[in-house]
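Asker: I have a structure here, written as structure tokens, and I will follow up with some questions on it.
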Amino acid sequence: TIGHQPLAQLLKLTAERAAELACESTPPKDAYRVEGLANILWSYTVMEYNPGLPCLKPLADAVERNIHFFYPQGLSMTMRSFATFGFVPGPRLVELLEHRILETLEGFNSQGVCNVLSAYATFSTLGVKVPRTLLD
């Protein structure tokens with residue numbers, strides 16, 4: 001980051017565009033484009049800007065539709081971003097995230113593990129239980 005905070009209008013418009021991108025009916029053809037979803041979420045997290053439910057819900061739906069493309073970095077960034085915004089994904093996405101994390105766990109670095117555990121710590125305050133499979 002360069003230390004510049006964009007104008008509120010720019011943030012609002014990018015959140016609207018992010019929601020539009022997430023709703024596109026054409027599925028991504030590769031993991032690179034899907035990781036862009038995680039990068040959008042992470043960018044808002046770094047900027048400490050909550051884009052709100054009209055942006056987060058479509059992004060969560062897109063993550064759910066494309067979970068099989070996600071790799072450790074994108075998974076951990078997505079989890080941490082949702083938690084930072086106080087956004088608890090629906091039960092199906094929580095389950096899919098858990099399974100995908102377990103499938104790719106060998107690829108996680110220490111920061112990724114920290115992001116996931118931190119996300120679950122926040123989610124637990126919002127009523128989501130940490131999956132036992134991640135703790136075993």
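Asker: Keeping to the range 55-73, report how many residues are of a type outside the set (Ser, Thr, Tyr), farther than 20 Å from CYS23 by Cα and open to solvent by 40 Å² or more (accessible area, probe 1.4 Å).
Answerer: The total comes to 1.
Asker: Cβ-Cβ distance below 8 Å, separation of 6 or more or different chains: which pairs start in the range 70-83 with a residue that is free of Cβ contacts under 8 Å to residues at least 40 places away in the same chain and end on one that is in a helix (DSSP H, G or I) and small (Gly, Ala, Ser)?
Answerer: PHE70/ALA31; PHE70/ALA38; GLN73/ALA38; GLN73/GLY112; MET77/ALA38; ARG80/SER118; ARG80/ALA119
Asker: Scanning the range 12-34 for residues that are modelled with pLDDT of 75 or more and more than 18 Å from the chain's Cα centre (by Cα), which turns out nearest to ASN50 (Cα to Cα)?
Answerer: Here the answer is LYS12.
Asker: Search the range 74-119 for residues being of a type in the set (Ser, Thr, Tyr) and within 17 Å of ALA38 (Cα to Cα), and hand back the single one that is surrounded by the most Cβ atoms within 10 Å (Cβ to Cβ).
Answerer: Among those residues, the one meeting the criterion is THR78.
Asker: Considering the range 79-130 alone, what residues qualify as being on the phi > 0 side of the Ramachandran plot and out of contact with any helix residue (DSSP H, G or I) (no Cβ under 9 Å at 6 or more places or on another chain)?
Answerer: GLY127 - this is the single residue of the range 79-130 that is on the phi > 0 side of the Ramachandran plot and out of contact with any helix residue (DSSP H, G or I) (no Cβ under 9 Å at 6 or more places or on another chain).
Asker: Still on this structure: Pull out all pairs, ordered by first then second residue, where Cβ-Cβ is under 6 Å, the residues are six or more apart or on different chains, the first lies in the range 39-54 and is open to solvent by less than 60 Å² (accessible area, probe 1.4 Å), and the second is in a helix (DSSP H, G or I).
Answerer: ILE40/ALA18; LEU41/THR78; LEU41/SER81; THR45/SER81; THR45/THR84; TYR49/LEU11; PRO51/ALA15; PRO51/TYR44
The values are calculated or read from the model by the stated rules, or taken from the named source; none is laboratory data. Note that the coordinates shown come from a computational prediction; the quantities given were computed from them, not determined experimentally. With ideal geometry, Cβ positions are generated from the backbone for all residues, glycine too; neighbour counts draw on all protein chains shown. What goes into the accessible areas is simple: the full protein's heavy atoms, side chains included, and nothing from ligands, DNA or RNA. Shrake-Rupley method; radii C 1.70, N 1.55, O 1.52, S 1.80 Å.
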